[in-house]
Amino acid sequence: MLVVYQDVVNIVQSKFSSTEVVKCIHLNVSPVNESWNEVHRILALVECNSSYALFVFITKKPKPSSISDLSVETAIPIDSNFSCDTEPIDNCQSHIIFIVSFRNRKLQFKIEIGVESSNFASEVIWSKEVSSSNKLDFNWLGKYTCATLDQNSKKMSEMSDQCSDIPVLRHQLAHGQAASNRESILRYQLKLKEPEYTQHQEFSIFVGTWNVNGQPPSVSLRPWLSCDEEPPDVYAIGFQEIDLSKEAFLFNDTPREAEWLKYVMDGVHFKAKYKSVAVTRLVGMQLVVLVNSKHYQFVKNVSVDTVGTGLLGKMGNKGGVAVRLELHNTSLCFVNCHLAAHVEEFERRNQDYKDINARINFRKQPPSIKDHEHVYWLGDLNYRITDLNTNQVKTLLARSEMITLLKADQLNQQKERGSVLLDYTEGDITFQPTYKYDLNSDHFDTSEKARPPAWTDRILWRGDGIYQLAYRSHMDIRISDHKPVSALFRSEISVIDQSKFRRVHEDLLKKMDKLENEFLPQVMVDQTEVTFDLVKFREPQSREIIIANTGQVPAEFEFIKKLDEATFCKDWLRITPFCGTIDPGEKCDIKFEVNLERELDKVYDILVLHLKGGKDMFIIVNGDCQKSCFTSSMATLCRAQVPLLQMTEEQRKQAENMESRVLYSIPRELWLLVDHLYRHGLKTRDLFESCALSDELIRIRDWLDYGSLDPIPGSVQATAEAFLLFLSFTKDPVVPFEIHDACIAAANNYQNCRLIIQQKMTDIHRNVFLYICMFLQEMLRHSNDNGYDAKTLASLFGDILLRDPIRNSKPQANRGKANFVYNFLVNDLSSSLIPNK
Amino acid sequence: MANRTGTAQRPNGSTQGKICQFKLVLLGESAVGKSSLVLRFVKGQFHEYQESTIGAAFLTQTVCLDDTTVKFEIWDTAGQERYHSLAPMYYRGAQAAIVVYDITNQDTFGRAKTWVKELQRQASPTIVIALAGNKQDLANKRMVEFEEAQTYADENGLLFMETSAKTAMNVNDIFLAIAKKLPKNEQATAQGGSGQGRRLAEGDTGAKAAGNCCK
């Protein structure tokens, strides 16, 4: 094997130049999704100037013998976009899928589990690790890819532009896939480590086959089944033609099954007790598998199947019956067959063999014959001696010229040609042909037909650690025209040492835990508490924190919601970015921006920074807030003796106490703004459309909050905007929320509108409302200058005076609000000023 | 070897059982040694000056029982009082909790009792709770008597052990005891489990997967 491997390496190497070195190869690879049986591939890892590439070769033969047998199918550079993985195949333990991903391409190969595959995989993984640290040049690949694969190389160049998906891919590999594949990785690793926790124990296996020519059992089978001194551990006994009746053929029903089984049980070795593991039959083919009862508890997962290949290619007069089982840790399969008859039908027999292989399905894992570790193939294979007539055969037999005869044996010839039982072994035949005898005699056929003798009844095997101890026929059983044949094997069965298995299993789990924990995303933040300077109304400030990826995998972070919260942060905070991915060793700045638009003593929140698939970190944001008239309630402002920021604690309490005396009929601050507009702004065109500088607004805010004898520090437009802001952010809207619907309903009738404000609004709110409306009426007297008409102002102020708790929650109501306000812009307000007592 | 899907099987056919995945949360006053216990259990390490946890650390560890394999997804929470309100994010949907106190500090035992009460009220009704009296290596400075804690644990149906992350005493044992006590029904083995969506916040799909085990 080793020699073959090295030969192929040399052949593969000859495809490359001297600077391109073949590091290792993998033979017998079949691409998934192709008819796997005929298309052979070889994978090769090739290095050139410290850059590695994985080559896929198409090979004409499983083991190429010359350079012309190989052609390059694909060459994949091993760089940061390259990754490989394995995946188990359902129902199959002998093979796994080896997956190679490169950018958007994914190639899958079926490879056999073993030393070669684990070596190859580790070489590839190693080369990938080496590659990530180097600067790589893959120009040398050009000559292979362009020549062979126009489409693919084009596809590859297209894909090289799409770099954005790579972090995602790497991320998936880092944990997503690892987690979901945990189970399969474990299974694969356990399989690889099998030698560490299993030992070989030898079992004797007796395999027998006999074509009984339709005869009922009448003689003891002891001479056949008990011919050895010691009792075997396992019996597998196959019969053919136990019933040649029409009933058996048509209805697959025969009393002979039970009869032969009884004779078998009576015929087995007396020194041991046997238990039946499986009995299966198709028409005349019967297979009985027994084990020494002391091993019975170690037999698991028994399954049987039968395949007919006779008339119409499916009837049961010919075909095979099979039993599979696991004995300790080794899977065994026994196939008893009866292949097509007649000398010239050897190709038909080859076909029957292929059909049995293809169609036997145990509906367990593994489902087919070939996937078992030990396979015993027995039966009336019906291959004859060819090109020799009866007399010649008899003469050669008399002269014991077995070699000549066996050369003329069709099975040997067909096997040699690779047409049947390709990788099966048969022991040396030293016994007489087992067919065809006169009944109750040891004479070869003396009838008119005088068929030439033949070794129709054979036993072959496949698998490691199987040694044949005997291969013989049993001449003293004479009731059929065939003689029974048997073979005794000493087979190495893998037996698990439970304590060792446990240790290996736990060890693996620990390693996987370690790996998994190591590959969890890890980040550090430079601060877990962010404190803002004094937070003031509409004066945004920001702080930055740095998230550094200190782990080995890309970290996908996101600020997440706390339980029972609708958003991941409060409305006064903005986080940019609030999610993202950071590559290992990289950093990301996160900006926290606070913007206060309501009355709070302080801002405080704990943010949860979550790493996908990993830990959470808490980040506290806090800061004290400065009071402002813009976010106070009008009731408080009307009770304030001095500007907000001049207040003593005592004065504040008094202002906030609703029992205190009302000092102003409207907030002083509102009066200051409106008064300024009244004096200087009535004739200003588009007074409310301008956009003041935020500095200017901040100055006006402070001028109001601190109180000042200086003139208002801003343009008339800035004052107008401050006025709108004031109305927009006071704790309560001018027209209380709860009467908005009533207002909208009354909007068509001025008298009703008047009634509402007279009856349903507090004095302060009504005063403010009417005060603003009167100011707006004043504005309308200067329409020619300022360009406003009643409808425009009503629409602008409807939204503000009747503002919703959540901005624009009911935009369809805006029209109603505007209509309501409109009433108060076009009617005489003098009567409304007097409360209706 | 048949029917290996979903479960690791001993190659001779007897099921090595299911891999059950459980979410476990550690709660307790700050500086009682929650992170140290986890670090000892998962990595076999101990640091005299373990940094304070600000957030919820996450690690996984597998424990082999006779017939099953239990994989813990461990959430090690911040002990500081100011993060208390965030604890439900982690214990909601957890199948197991270790409430840790420091045997040299009576206050931390009182705090542990509050945590137990909160878990009994707010967490899954089938949650397995273990009480760990940590820092057993400082028994000469003991302020909480073993019997007192044992009695409290018995009254409340808690597993109880005094542990030492420093000497490793009872660290594996307490996790193992929890693993044994957890119900290993069909749903707990639901494969793939909550691997990705570990959090049990509302609307999080992972919640269902992990939460199933205790329904």
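I'd like the residue in segment A:325-381 that is small (Gly, Ala, Ser) and closer than 23 Å to A:Lys191 by Cβ and, out of all such residues, is most open to solvent (accessible area, probe 1.4 Å). Full working, then the answer.
Initial filter on segment A:325-381 (small (Gly, Ala, Ser)): A:331, A:340-341, A:358, A:368, A:379.
Next cut, closer than 23 Å to A:Lys191 by Cβ only: A:331, A:368.
Working: A:Ser331: 6, A:Ser368: 21 Å².
Per the stated criteria, the residue is A:Ser368.
Restricting the search to segment A:232-256, which residues are in contact (Cβ under 8 Å) with a residue 40 or more places away in the chain, buried (at least 19 other Cβ atoms within 10 Å of the Cβ) and part of a loop (DSSP other than H, G, I, E, B)? Please lay out each step first, then the result.
Just the residues of segment A:232-256 that are in contact (Cβ under 8 Å) with a residue 40 or more places away in the chain, to begin with: A:232-244, A:249, A:252, A:256.
If we keep only those that are buried (at least 19 other Cβ atoms within 10 Å of the Cβ) too, we end up with A:232-243, A:256.
Across segment A:232-256, the qualifying residues are A:Pro232, A:Asp233, A:Glu241, A:Ile242, A:Asp243.
Taking segment A:216-231 as the region of interest, how many residues are out of contact with any Pro (no Cβ under 7 Å at 6 or more places or on another chain) and either free of Cβ contacts under 8 Å to residues at least 24 places away in the same chain or within 15 Å of A:Val485 (Cβ to Cβ) (or both)?
The first filter runs over segment A:216-231 and keeps only residues out of contact with any Pro (no Cβ under 7 Å at 6 or more places or on another chain), leaving A:216-223, A:225-231.
Subsequent filtering for residues that are either free of Cβ contacts under 8 Å to residues at least 24 places away in the same chain or within 15 Å of A:Val485 (Cβ to Cβ) (or both) retains A:221, A:223, A:225, A:227-229.
Of the residues in that region, 6 qualify.
Give the residue that is nearest to the other protein chains (Cβ to nearest Cβ), with candidates limited to residues of segment B:43-59 that are surrounded by fewer than 20 Cβ atoms within 10 Å (Cβ to Cβ) and touching a Leu at 6+ places or on another chain (Cβ under 9 Å).
It comes out as B:Lys43.
Of all residues in segment A:201-225, which are open to solvent by 10 Å² or more (accessible area, probe 1.4 Å) and either hydroxyl-bearing (Ser, Thr, Tyr) or within 21 Å of A:Ala470 (Cβ to Cβ) (or both)? Full working, then the answer.
Of all residues in segment A:201-225, those open to solvent by 10 Å² or more (accessible area, probe 1.4 Å) come to A:201-202, A:204, A:213-220, A:222-223.
Within segment A:201-225, A:Gln201, A:Glu202, A:Ser204, A:Ser218, A:Ser220, A:Arg222, A:Pro223 qualify.
Hey, can you tell me all the residues within segment A:680-699 that are closer than 21 Å to A:Tyr771 by Cβ and either buried (at least 21 other Cβ atoms within 10 Å of the Cβ) or not basic (Lys, Arg) (or both)? Explain how you work it out, then say what you get.
Here is the first cut: in segment A:680-699, the residues closer than 21 Å to A:Tyr771 by Cβ are A:680-684, A:687-688.
Those that are closer than 21 Å to A:Tyr771 by Cβ and either buried (at least 21 other Cβ atoms within 10 Å of the Cβ) or not basic (Lys, Arg) (or both): A:His680, A:Gly681, A:Leu682, A:Thr684, A:Leu687, A:Phe688.
Could you list, in sequence order, all residues of segment B:106-124 that are among the hydroxyl-bearing types (Ser, Thr, Tyr) and touching a strand residue (DSSP E or B) at 6+ places or on another chain (Cβ under 9 Å)? So that I can check it myself, show each step before the final result.
Filtering segment B:106-124 down to residues among the hydroxyl-bearing types (Ser, Thr, Tyr) leaves B:108, B:114, B:124.
Matches in segment B:106-124: B:Thr108 only.
Do any residues in segment A:359-377 that are over 26 Å from A:Val485 (Cα atoms) and within 14 Å of chain B (Cβ to nearest Cβ) have Cβ atoms under 6 Å from those of residues that are of a type in the set (S, T, N, Q) and assigned to a loop (DSSP other than H, G, I, E, B), where the two are at least six apart or on different chains, and which pairs are they?
A:Gln365/A:Asn91; A:Pro366/A:Asn91; A:Pro367/A:Asn91; A:Pro367/A:Asn361
If I ask for residues that are in contact (Cβ under 8 Å) with a residue 12 or more places away in the chain and either closer than 22 Å to B:Asp107 by Cβ or surrounded by fewer than 21 Cβ atoms within 10 Å (Cβ to Cβ) (or both), which ones from segment B:74-85 would you list? First the steps, then the outcome.
Narrowing segment B:74-85 to residues in contact (Cβ under 8 Å) with a residue 12 or more places away in the chain: B:74-81, B:83.
B:Asp76, B:Thr77, B:Ala78, B:Gly79, B:Gln80, B:Glu81, B:Tyr83 - these are the residues of segment B:74-85 that are in contact (Cβ under 8 Å) with a residue 12 or more places away in the chain and either closer than 22 Å to B:Asp107 by Cβ or surrounded by fewer than 21 Cβ atoms within 10 Å (Cβ to Cβ) (or both).
Tally up the residues in segment A:464-512 that are open to solvent by less than 30 Å² (accessible area, probe 1.4 Å) and within 14 Å of A:Thr330 (Cβ to Cβ), please.
8
Being in a loop (DSSP other than H, G, I, E, B), out of contact with any Pro (no Cβ under 6 Å at 6 or more places or on another chain) and under 23 Å from A:Ser204 (Cα atoms): is that true of A:Phe270 here?
Values: in a loop (DSSP other than H, G, I, E, B): yes; out of contact with any Pro (no Cβ under 6 Å at 6 or more places or on another chain): yes; under 23 Å from A:Ser204 (Cα atoms): yes.
In short, yes.
Identify the single condition in (1) touching a helix residue (DSSP H, G or I) at 6+ places or on another chain (Cβ under 7 Å); (2) outside any strand (DSSP E or B); (3) of a type outside the set (Phe, Trp, Tyr) that A:Ser486 does not satisfy, given that it satisfies every other one.
The one condition A:Ser486 does not meet is (2).
How about segment B:10-119: which strands (runs of 3 or more DSSP E) wholly inside it have at least 2 residues that are small (Gly, Ala, Ser) and out of contact with any helix residue (DSSP H, G or I) (no Cβ under 6 Å at 6 or more places or on another chain)? Can you show your working first?
Values: elements: B:15-27, B:55-64, B:69-77, B:96-102.
The strands (runs of 3 or more DSSP E) meeting that bar are B:55-64.
Scan segment A:791-804 and give yes if some residue there is surrounded by fewer than 16 Cβ atoms within 10 Å (Cβ to Cβ) and either more than 29 Å from A:Val662 (Cα to Cα) or at pLDDT below 90 (or both), otherwise no.
Quick first cut of segment A:791-804, residues surrounded by fewer than 16 Cβ atoms within 10 Å (Cβ to Cβ) only: A:791-792.
Retained after the next criterion (residues that are either more than 29 Å from A:Val662 (Cα to Cα) or at pLDDT below 90 (or both)): A:791-792.
Yes, that holds for at least one residue.
I'd like the residue in segment A:513-529 that is closer than 24 Å to A:Ile185 by Cα and either within 9 Å of chain B (Cβ to nearest Cβ) or more than 25 Å from the chain's Cα centre (by Cα) (or both) and, out of all such residues, is surrounded by the fewest Cβ atoms within 10 Å (Cβ to Cβ).
The extreme case among them is A:Lys514.
All but one of (1) of a type in the set (Lys, Arg); (2) within 14 Å of another protein chain (Cβ to nearest Cβ); (3) surrounded by fewer than 20 Cβ atoms within 10 Å (Cβ to Cβ) hold for A:Lys314; which doesn't?
(2)
Across segment B:106-127, which residue is nearest to the chain's Cα centre (by Cα) among those that are of a type in the set (S, T, N, Q) and surrounded by 19 or more Cβ atoms within 10 Å (Cβ to Cβ)?
First pass over segment B:106-127, keeping only residues of a type in the set (S, T, N, Q): B:106, B:108, B:114, B:120, B:122, B:124, B:126.
Next, only the ones that are surrounded by 19 or more Cβ atoms within 10 Å (Cβ to Cβ) stay: B:108, B:124.
Details: B:Thr108: 18, B:Ser124: 14 Å.
Per the criteria, the residue is B:Ser124.
Can A:Phe557 be described as without any contact (Cβ under 8 Å) to a residue 24 or more places away in the chain and not charged (D, E, K, R)? Step through it out loud before you land on a result.
Numbers: without any contact (Cβ under 8 Å) to a residue 24 or more places away in the chain: no; not charged (D, E, K, R): yes.
In short, no.
What's the number of the only condition in (1) open to solvent by 30 Å² or more (accessible area, probe 1.4 Å); (2) in contact (Cβ under 8 Å) with a residue 24 or more places away in the chain; (3) within 30 Å of A:Asn819 (Cα to Cα); (4) not small (Gly, Ala, Ser) that A:Gln751 fails to meet?
Just one mismatch for A:Gln751, condition (2).
So which of A:Val495, A:Val485 is under 23 Å from A:Tyr197 (Cβ atoms) and over 32 Å from the mean Cα position of the chain (by Cα)? Break it down stepwise before answering.
Details: A:Val485 fails: under 23 Å from A:Tyr197 (Cβ atoms).
Result of the check over A:Val495, A:Val485: A:Val495.
Considering only residues of segment A:60-94 that are in a strand (DSSP E or B), in contact (Cβ under 8 Å) with a residue 24 or more places away in the chain and under 25 Å from A:Pro366 (Cβ atoms), which is nearest to the other protein chains (Cβ to nearest Cβ)? Don't jump to the end; show me each part of the working.
Quick first cut of segment A:60-94, residues in a strand (DSSP E or B) only: A:70-78, A:82-89, A:92-94.
Imposing the further condition that a residue be in contact (Cβ under 8 Å) with a residue 24 or more places away in the chain reduces the set to A:70-78, A:82-88, A:92-94.
Those still in the list that are under 25 Å from A:Pro366 (Cβ atoms) too: A:84-88, A:92-94.
Working: A:Cys84: 22, A:Asp85: 17, A:Thr86: 16, A:Glu87: 13, A:Pro88: 9, A:Cys92: 11, A:Gln93: 7, A:Ser94: 11 Å.
In this case the residue turns out to be A:Gln93.
I need the full set of residues from segment B:147-165 which are more than 14 Å from the chain's Cα centre (by Cα) and either aliphatic (A, V, I, L, M) or over 20 Å from B:Leu39 (Cα atoms) (or both), in order please. Spell out the reasoning first.
Of all residues in segment B:147-165, those more than 14 Å from the chain's Cα centre (by Cα) come to B:147-157, B:162, B:164-165.
Of everything in segment B:147-165, those that are more than 14 Å from the chain's Cα centre (by Cα) and either aliphatic (A, V, I, L, M) or over 20 Å from B:Leu39 (Cα atoms) (or both) turn out to be B:Glu147, B:Glu148, B:Ala149, B:Gln150, B:Thr151, B:Tyr152, B:Ala153, B:Asp154, B:Glu155, B:Asn156, B:Gly157, B:Ala165.
Looking only at segment A:55-66, decide whether some residue is within 14 Å of A:Val124 (Cβ to Cβ) and either crowded, with 16+ Cβ neighbours inside 10 Å or in contact with a helix residue (DSSP H, G or I) (Cβ under 9 Å, 6 or more places away or on another chain) (or both). Even if it seems obvious, please write down each step before you answer.
If we filter segment A:55-66 for residues that are within 14 Å of A:Val124 (Cβ to Cβ), which is where we start, we get A:55-56.
Keeping just the survivors that are either crowded, with 16+ Cβ neighbours inside 10 Å or in contact with a helix residue (DSSP H, G or I) (Cβ under 9 Å, 6 or more places away or on another chain) (or both) gives A:55-56.
Yes, segment A:55-66 contains at least one residue that is within 14 Å of A:Val124 (Cβ to Cβ) and either crowded, with 16+ Cβ neighbours inside 10 Å or in contact with a helix residue (DSSP H, G or I) (Cβ under 9 Å, 6 or more places away or on another chain) (or both).
Which residues, taken from segment A:530-543, are assigned to a strand (DSSP E or B) and surrounded by 13 or more Cβ atoms within 10 Å (Cβ to Cβ)?
First, pick out the residues of segment A:530-543 that are assigned to a strand (DSSP E or B): A:530-531, A:535-537, A:539, A:541-543.
The answer is A:Val530, A:Val535, A:Lys536, A:Phe537, A:Glu539, A:Gln541, A:Ser542, A:Arg543.
So how many residues does segment A:732-787 have that are acidic (Asp, Glu) and closer than 16 Å to A:Ile800 by Cβ? Let's see the steps before the verdict.
Narrowing segment A:732-787 to residues acidic (Asp, Glu): A:732, A:738, A:741, A:763, A:778, A:785.
Restricting the remaining residues to those that are closer than 16 Å to A:Ile800 by Cβ gives A:732.
Within segment A:732-787, residues that are acidic (Asp, Glu) and closer than 16 Å to A:Ile800 by Cβ number 1.
When the residues of segment A:700-727 are narrowed to those that are buried (at least 16 other Cβ atoms within 10 Å of the Cβ) and hydroxyl-bearing (Ser, Thr, Tyr), which ends up nearest to A:Ala640 (Cα to Cα)?
Going through the qualifying residues, I end up with A:Thr719.
The values are calculated or read from the model by the stated rules, or taken from the named source; none is laboratory data. Computed from a predicted model, the values in this text were never measured in an experiment. Every residue, glycine among them, receives a Cβ derived from its backbone with ideal geometry; neighbour counts consider all protein chains shown. For the accessible areas, the whole protein counts, side chains as well, though only heavy atoms, and no ligand, DNA or RNA atoms are used. Shrake-Rupley method; radii C 1.70, N 1.55, O 1.52, S 1.80 Å.
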